[in-house]
Amino acid sequence: MEKLVVLVDLHNALYRYYNTQDARIIDGQRVETVSASLNFIRKISEGHFTDVPDKVIVVSDSDELTFRHYLSPEYKGNRSPMDDELKSQLDLCNQALMAMGIPHLSKDGVEADDTIGMLSSYYASLGYRVVIVTADKDFYQLINSEIQVYNPRKKQIIDTDGCIERLMVEPQKVADLLAIMGDKVDNITGVKGAGLKTAAKWLNEYGSVQGIILNMNDIGGVVGSNLKESVEHLMTNLSLTKIQNNALFLTDADHAQINDAHRDEMLVAELMNKYRFKALNSDSGQSLGMQNLPPLEAYSDYVEVDSREFSFF
């Protein structure tokens, strides 16, 4: 039977619960977001939403600037800093994941999207089925025969057909789609007036952002004029919206952080006594039973490398 790796977009889950759960304070610390997130991750580990996974890896953003911020100073410039009350819960969640023995990877200067992209390619190259748990449509670009997305809001597994149904393009065109449409959340300015239907129509006709630019003189009307005015930043947009999935960017330290995670009963007892996290009762950690994997270099002959991706870092 095909083995399964589940990758959890931690910040996506934290924000979802932070904005929907009633505040609960224990010993001066808000804990409701941590509690809900841990329960969710425990259910993932137990196979409530997919088959029972052989490995669950939680991934989060680092606090450092990424290549996208240097490429476009306006990138995510409209976002407010993380609330202190949420930040404290993120730190507490990290402790709880450590106690549970669930690997948690945050690469310095790398967005969670890219880390998940790298891990997806890595495990898929070894023959594993990969499921990414997130409500973020950006991840649809990673979907293929080995990689799917589980949307916790819709409670649905999204495959290639699901991507086409929702975004009207195949997964490999999703980054181009987002580059054209823009993204208010990430402060990426797209082509004015080009919504989902228009962007999808262009891509299905011309194949890519590059193809659209080459044929822009064939696109008339106001939106065609807007396209011509947007050409200078469309390729930059594509660099911003494309998730980097080159698995060779995973380091030995990353692999060690994943493979060395083990349940810590003393820390479990400490957090249980102090914060009463019910999810810690379940041994959801390394008892999942997947053997530790050697560094990626052992499989480098089987991993496709696109040297163009290295220029982004």
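The values are calculated or read from the model by the stated rules, or taken from the named source; none is laboratory data. If you're wondering where the values come from, they're calculated on a predicted model, not measured in any experiment. A quick note on method: Cβ atoms are made from the backbone with ideal geometry, for glycine too, and the neighbour counts reach across all protein chains shown. All accessible areas refer to the heavy atoms of the entire protein, side chains included, with ligands and DNA or RNA removed. Shrake-Rupley method; radii C 1.70, N 1.55, O 1.52, S 1.80 Å.
In summary, the lysines within cross-link reach of residue 192, defined as a Cα separation below 27 angstrom excluding same-chain residues under 8 places away, comprise 76, 137, 173, 184, 201, 228, 242. Over 26 Å between C-alpha atoms is what I'm after, so list which of 154/274; 3/274; 3/278; 3/43 land there. Flagged as over cut-off: 154/274; 3/274; 3/278. Near the amide H of residue 263, within less than 5 Å, lie the amide hydrogens of 286, all on another chain or at least 5 residues away, with H placed in the peptide plane.
On a per residue basis, the stretch 198-280 carries 51 Å² of accessible surface, using protein heavy atoms and a 1.4 Å probe.
Converting the Cα gyration tensor eigenvalues of the chain into ellipsoid dimensions via √(5λ) gives semi-axes, longest first, of 36, 22, 18 Å. Within the stretch 16-109, the GluC sites (Glu not before Pro) that combine a DSSP coil assignment with at most 15 other C-beta atoms in a 10 angstrom radius are 46, 64, 74. Measure off, as a whole percent, the carbon and sulfur share of the 1.4 Å-probe accessible area of the chain, all protein chains present. After summing per-atom areas, the C and S share lands at 47 percent.
Rolling a 1.4 Å probe across the protein heavy atoms gives the stretch 74-174 an accessible surface of 40 Å² per residue. Net charge of the neighbourhood of residue 75, taken over other residues with C-beta under 9 Å away and scored Lys/Arg +1, Asp/Glu -1, is 0. Bridges between two residues of the chain, per DSSP, are antiparallel at a rate of about 30%.
Neighbours of residue 253 by Cβ distance under 11 Å: Lys/Arg scored +1, Asp/Glu scored -1, total -3. Hull volume per residue, based on the alpha-carbon atoms of the stretch 90-167 and their convex hull, is 115 Å³. Not counting ligands, DNA or RNA, and with a 1.4 Å probe, what is residue 136's accessible surface area in Å² rounded to the nearest 10? Counting only protein heavy atoms, residue 136 exposes about 40 Å² to solvent. In this simple spin-label model, placing a label point 7 Å from the Cα along the Cα-to-Cβ direction at both residue 278 and residue 71 gives a separation of 4.3 nm.
Residue-normalised convex hull volume from the C-alpha trace of the stretch 17-137: 137 Å³ per residue.
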